[in-house]
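All remarks here apply to the structure that follows.
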Amino acid sequence: MKMQQVSDNCFAVLNEKNRVCDANSGLINLGDGVVIDTQSDLAHARQMIELFSTVWPAMPKRVIITHEDGDHVWGNQLFAGAEIIAHRSVPERMKQVANPEEFKNLLHGVANEATRLSLQTLHPGLAATGLQLLEDYNLDGVELVLPTTLFDTRYELDLDGTEVHVIYVGPCHQVGDSIIHVPKERVVFAGDVLFRNCTPIGWVGSYEKWIQCLDLIIELDPEVIVPGHGPLCGIEGAMEMQAYLEYLRDESRTCFDAGFSSLEAAKRIEFGPYGEWAAPARLYMNVERAYREFREEPPDAPWNHAAVFDAVYDVAKAKGIEVEF
Ligand SMILES: [Zn+2]
């Protein structure tokens, strides 16, 4: 984990492995300080606080959550008494998708030899995901701390004369997706609307909405974008994500029309230039999401996580690449 200065008053803490759950955090070092997203467990959250504390004068009084996934909210409890700002959908969605108990069970399950062996037989992909997470994360002690300030379409802050715009853009990657724009410093904190140098994951929403949101980020004309995952970039990062989404949607359509299942399609579709990104086999999730659109299923239809991770595992094996999530 490292800290990088983004502009005069904006900073980022970046998780450099860039695998699932390695989310970034932001700091706007104005007003009483605003932290953006709080990491995947308490150890990472404490490390983030320590890195940011080298530049901030006191513990920030505000936190903005870009969306409801656990890797962005599981450090919330370390900001006791802070105002936690998020889109109105986020509290309910956090209870659905970021219940730390489920993830604790997975990590404890793979840490124990007997349960690991049976899980590896039943769900090799889920077991491999758990083992990967166990290398870096420990969810013991994590409690779900919900946002305190909710907004619908837009929330604005004035920090010592610098405007900060929190803009609701969901559903793209999750229901509660919001981006944070600091116009005066030409910075956008994009949350998981933008994955950089790693294969994006989209749980809800539509391709069209996601591509439009990336258009919005480009129109805001930032000099620096802090993605939810991966290194800092400029608007070329948003453009490359759009190109990936368009490529995946087109390739998926061809396979869908030819009658292939989403798993067969994911094995057939070439990684192309995106094979260099972290966890390229997560491509399966984007194919399945495209198939849901083609089948006109509801954009928030639930996922079976064990089946998803098993499919990603199958794709990695079929392509002869390292299993990585
Ligand atoms: Zn994330």
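Do you know which residues across the stretch 295-325 are among the hydrophobic types (A, V, I, L, M, F, W, C) and open to solvent by less than 40 Å² (accessible area, probe 1.4 Å)? Please lay out each step first, then the result.
First pass over the stretch 295-325, keeping only residues among the hydrophobic types (A, V, I, L, M, F, W, C): 301, 303, 306-309, 311-312, 315-316, 318, 321, 323, 325.
Ala301, Trp303, Ala306, Val308, Phe309, Ala311, Val312, Val315, Ala316, Phe325 - these are the residues of the stretch 295-325 that are among the hydrophobic types (A, V, I, L, M, F, W, C) and open to solvent by less than 40 Å² (accessible area, probe 1.4 Å).
Would you check which residues across the stretch 40-97 are acidic (Asp, Glu) and surrounded by 15 or more Cβ atoms within 10 Å (Cβ to Cβ) and list them? Steps first, answer last, please.
Quick first cut of the stretch 40-97, residues acidic (Asp, Glu) only: 41, 50, 68-69, 71, 83, 92.
Of everything in the stretch 40-97, those that are acidic (Asp, Glu) and surrounded by 15 or more Cβ atoms within 10 Å (Cβ to Cβ) turn out to be Asp41, Glu68, Asp69, Asp71, Glu83.
Name the single residue, out of those in the stretch 213-261 being small (Gly, Ala, Ser) and crowded, with 19+ Cβ neighbours inside 10 Å, that is farthest from the ligand (Cβ to nearest atom). First the steps, then the outcome.
Residues of the stretch 213-261 small (Gly, Ala, Ser): 228, 230, 234, 237-238, 243, 252, 258-259, 261.
Next, from what is left, pick out any that are crowded, with 19+ Cβ neighbours inside 10 Å: 228, 230, 237-238, 252.
Values: Gly228: 5, Gly230: 10, Gly237: 15, Ala238: 17, Ser252: 22 Å.
Of everything passing the filter in the stretch 213-261, Ser252 is farthest from the ligand (Cβ to nearest atom).
In the stretch 147-162, what residues are open to solvent by 40 Å² or more (accessible area, probe 1.4 Å) and over 14 Å from Ile64 (Cβ atoms)? Spell out how you get there, then give the answer.
Residues of the stretch 147-162 open to solvent by 40 Å² or more (accessible area, probe 1.4 Å): 148, 150, 152-156, 158, 160-161.
If the condition is that a residue be open to solvent by 40 Å² or more (accessible area, probe 1.4 Å) and over 14 Å from Ile64 (Cβ atoms), then Asp152, Thr153, Asp158, Asp160, Gly161 are the ones that fit.
Of the residues that sit in the stretch 170-184 and are within 16 Å of the ligand (Cβ to nearest atom) and of a type outside the set (A, V, I, L, M, F, W, C), which one is most open to solvent (accessible area, probe 1.4 Å)?
So the first thing to find is which residues in the stretch 170-184 are within 16 Å of the ligand (Cβ to nearest atom), and the list is 170-180.
With of a type outside the set (A, V, I, L, M, F, W, C) added as a condition, the list becomes 170-171, 173-174, 176-178.
Working: Gly170: 5, Pro171: 45, His173: 4, Gln174: 4, Gly176: 0, Asp177: 2, Ser178: 1 Å².
Selected residue: Pro171.
Can you name every residue in the stretch 165-217 that is touching a residue at least 24 places away in the same chain (Cβ under 8 Å), of a type outside the set (A, V, I, L, M, F, W, C) and not in a loop (DSSP other than H, G, I, E, B)?
Tyr168, Ser178, His181, Pro183, Glu185, Gly191, Asp192, Tyr207, Lys209, Asp215
Could you check how many residues of the stretch 262-283 are among the aromatic types (Phe, Trp, Tyr) and more than 16 Å from the ligand (Cβ to nearest atom)?
The initial filter retains those residues of the stretch 262-283 that are among the aromatic types (Phe, Trp, Tyr), namely 271, 274, 277.
Filter once more, keeping what is more than 16 Å from the ligand (Cβ to nearest atom): 271, 274.
Looking only at that region, the number is 2.
Any chance the stretch 63-77 includes a residue that's of a type in the set (Gly, Ala, Ser), under 17 Å from the mean Cα position of the chain (by Cα) and more than 16 Å from the ligand (Cβ to nearest atom)? Give the derivation first.
Of the residues in the stretch 63-77, the ones of a type in the set (Gly, Ala, Ser) are 70, 75.
If we keep only those that are under 17 Å from the mean Cα position of the chain (by Cα) as well, we get 70, 75.
This time we only want the ones that are more than 16 Å from the ligand (Cβ to nearest atom), so: none.
Checked against the condition, which is being of a type in the set (Gly, Ala, Ser), under 17 Å from the mean Cα position of the chain (by Cα) and more than 16 Å from the ligand (Cβ to nearest atom), the stretch 63-77 yields no hits at all.
Looking at (1) open to solvent by 10 Å² or more (accessible area, probe 1.4 Å); (2) farther than 23 Å from Pro280 by Cα; (3) within 12 Å of the ligand (Cβ to nearest atom), find the lone condition where Asp37 falls short.
Among (1) open to solvent by 10 Å² or more (accessible area, probe 1.4 Å); (2) farther than 23 Å from Pro280 by Cα; (3) within 12 Å of the ligand (Cβ to nearest atom), Asp37 violates only (1).
Being open to solvent by less than 40 Å² (accessible area, probe 1.4 Å), out of contact with any helix residue (DSSP H, G or I) (no Cβ under 7 Å at 6 or more places or on another chain), more than 15 Å from the ligand (Cβ to nearest atom) and not polar (S, T, N, Q) is true for just one of Val187, Val204. Which residue is that?
Details: Val204 fails: more than 15 Å from the ligand (Cβ to nearest atom).
The conditions single out Val187.
The values are calculated or read from the model by the stated rules, or taken from the named source; none is laboratory data. Keep in mind that this is a model prediction, so the values were computed, not measured. Neighbour counts run over all protein chains shown; Cβ positions are idealised from the backbone, glycine included. Remember, those area values only see protein heavy atoms, side chains included, never the ligands or the DNA or RNA. Shrake-Rupley method; radii C 1.70, N 1.55, O 1.52, S 1.80 Å.
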